[in-house]
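Scroll down for the structure; my scribbles are underneath it.
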Amino acid sequence: MSPDHLLPLSEEQREIQRVAREFAAAEITPHADRWDREAHFDRALVGKLGALGFLGMLLPEEYDGLGLDTVTYLLALEEISAADASAGVLMSVHNSLPTQMILRYGSDEQKRRFLPGMARGELLGAFALSEPDAGSDAAALRTQAVRDGDTWVLNGTKSWVTSGSHADVILVMARTDGADMRRGARGIGAFIVTPDLRGFSVGKKEDKLGLRASPTVQLQLDELRVPDANLLGEPSSGFVYALQSLDNGRLGIAAQAVGIARAALEHSVRYAGQRQQFGRPIRDHQAIQFKLADMATRLHAARALLYQAAAAKDRGEPITLYASMAKLAASEAAVAITTEAVQVFGGYGYVKDFPVERLFRDAKVTEIYEGTSEIQRVVIARELYGRDQGPGAGAGAR
Ligand code: CAA
């Protein structure tokens, strides 16, 4: 099964998918278990993905990007994620969040300064929205940005920052409306922070269940001075920019989840044909057949939602609703499918001899980051009711 069954792929899309698959088989799959075991972030992989154009897939050619559509980008991301979900999240965050925020809301000077290096993989991007006390309720963030002449002085702690310890360009959301937060979601700016700025330091590195080859860190901003030239767009609109970009990000995480789930299904089908119990391959037992059938059906449904949402985006349609549906369905499918994969493997699924153990651990976070499954349901319900009337509208409890 592949996305070809869902939508007619162009020659170019098939070619990019093939390149991604071959690159993953040669450069990622042989190392994925060791990178996981050693919690090793492979900076060389960033350069290789950049050389291939995979870190500028959605950027126009004038910024050294490939200028591709969303469907093509997600086809490649699915392939990379099927090989290693840690590589997948690096690619997803970089392509969907910091680069897209600069492309959409940055000045010409900011685009020229950052995007070509980001597209080529010389500059790795990160996105810093969450804080220790502002996760699902992201607009409750407290990091302060106070204007002082032609600079902004930032103070605060950002958490759960993917690739934050290795990033060269970090989009930091911070309050511009003072400590009393009087403007709520409309009192937040987005700043382009580079790690060479005085006052920037990397804090705690999280010791995670899965995605262990992807560093997730806290960032400390201590009297960090950001030049005015690094403010993105309007100082009061950073939260809206971040949420708009998260629509793209959620498609990326859905593709990552589909990649993880696909890998789990492929391993399970192969193993079920080899493993003999009660005198025949276990795939001949109906208990296993039913599992494989359910796994394949859930995967196909998740993938259908994903590529339908991606095609809508490529047609220029609003995708907030469909991105949340795709992310919700794909992440829950990935958790269900990897859980069943462990069951198909039995004891061998519970140890590190086969990749399904890693896939099972990696899948879980897709239900948590870039908006938990509960937040996706809030977004979906609000889109049904209209944003002003849905559950948690305006996060009134803040
Ligand atoms: N597109 C554009 N604008 C949007 C939008 C969207 N999808 N969603 C909301 N907005 C706008 C609203 O219209 C509103 O603007 P106005 O003031 O002009 O009306 C503004 O943004 C504020 O919106 P809300 O009032 O809806 O905000 P809220 O405080 O009620 O929160 C939420 C909404 C959906 C709960 C949001 O906080 C949310 O998505 N929370 C989850 C946070 C999240 O996903 N974090 C991910 C962290 S990043 C990460 O995980 C990356 C990684 O490294 C892997």
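The values are calculated or read from the model by the stated rules, or taken from the named source; none is laboratory data. Keep in mind that this is a model prediction, so the values were computed, not measured. Here Cβ is always computed from backbone atoms with ideal geometry, including for glycine, and neighbour counts include all displayed protein chains. Note: areas computed on protein heavy atoms with side chains; ligands, DNA, RNA excluded. Shrake-Rupley method; radii C 1.70, N 1.55, O 1.52, S 1.80 Å.
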For this session: Provide the packing ranking of 62-69, 114-121, i.e. peptides ordered by the mean count of other C-beta atoms within 10 Å per residue, highest first.
Result: 114-121, 62-69
Problem set entry | List His40, His285, ordered by accessible area with a 1.4 Å probe, largest first | His40, His285
For this session: Leaving ligands, DNA and RNA out of it, report the carbon-plus-sulfur percent of the accessible area of the chain at a 1.4 Å probe.
Result: 52
Seminar exercise, completed: For segment 35-43, Karplus-derived ³J(HN,Hα) couplings (6.51, -1.76, 1.60; θ = phi - 60°; whole Hz; x for glycine and proline) come out as 4, 5, 4, 8, 6, 9, 8, 9, 4
Exercise. Ignoring ligands, DNA and RNA, what accessible area per residue does the chain give at 1.4 Å, in Å²?
Worked result: 42
Exercise. For Gln276 and Glu109 in one chain, what is 0.36 nm times their gap in residues minus the Cα-Cα distance, to one decimal in nm?
Worked result: 53.8 nm
Problem set entry | Simple spin-label estimate for Thr297 and Glu61 in nanometres, 7 Å along Cα-Cβ | 4.6
For this session: For segment 214-231, take each phi angle, set θ = phi - 60°, evaluate the Karplus expression 6.51 cos²θ - 1.76 cosθ + 1.60, and give the result in whole Hz per residue in order, putting x for glycine and proline.
Result: 10, x, 10, 9, 8, 10, 9, 10, 10, 6, 7, 9, 10, x, 3, 5, 9, 6
Exercise. Roughly what would the spin-label model give for Thr194 and Asn155, points 7 Å off Cα along C-beta, in nm?
Worked result: 2.6
Exercise. Which value at 222 nm does the chain reach when only helices count, each DSSP H run of 4 or more adding -39,500 (n - 2.57), with the total divided by all residues and rounded to the nearest 500 deg cm²/dmol?
Worked result: -16000 deg cm²/dmol
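Any chance you could run the full-extension gain for Gln343 through Arg182? It's 0.36 nm times the residue separation minus the Cα-Cα distance, nm to one decimal. Write out the running numbers ahead of the final one.
Values: separation 161, 0.36 × 161 = 57.96 nm, distance 5.14 nm.
Value of the extension gain: 52.8 nm.
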Problem set entry | Euclidean distance between Cα centres, segment 355-382 to segment 205-277, Å | 10
Seminar exercise, completed: Non-local residues with an amide H under 5 Å from the amide H of Arg275, with H modelled 1.01 Å from N and Pro and chain starts lacking one, are Ile282
For this session: Name all residues of segment 147-170 having a backbone nitrogen under 20 Å from the label point set 7 Å from the Cα of Asp133 along its Cα→Cβ direction, giving them as ranges.
Result: 154-161
For this session: Using the structure shown, select from Lys48/Lys111; Lys111/Lys158; Lys158/Lys291; Lys158/Lys352; Lys204/Lys313 the pairs with a Cα to Cα distance greater than 31 angstrom.
Result: Lys158/Lys291; Lys158/Lys352; Lys204/Lys313
For this session: Give the calculated FRET efficiency between Glu223 and Ala381 to the nearest 0.05, with a Förster radius of 45 Å applied to their Cβ-Cβ distance.
Result: 0.60
Problem set entry | Per-residue ³J(HN,Hα) for segment 129-137, Karplus 6.51 cos²θ - 1.76 cosθ + 1.60, θ = phi - 60°, Hz, x for Gly and Pro | 10, 5, 9, x, 10, 9, x, 4, 8
Problem set entry | Accessible area in the full protein assembly, largest first, 1.4 Å probe, for Ser201, Ser92 | Ser201, Ser92
For this session: Putting +1 on Lys and Arg Cβ atoms and -1 on Asp and Glu Cβ atoms, find which of Phe290, Gln100, Gly164 reaches farthest to the positive end of the dipole of the chain.
Result: Phe290
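Which length gain, in nm to one decimal place, applies between Leu321 and Tyr350 when the Cα-Cα distance is subtracted from 0.36 nm times their residue separation?
Contour length minus Cα-Cα distance gives 6.8 nm.
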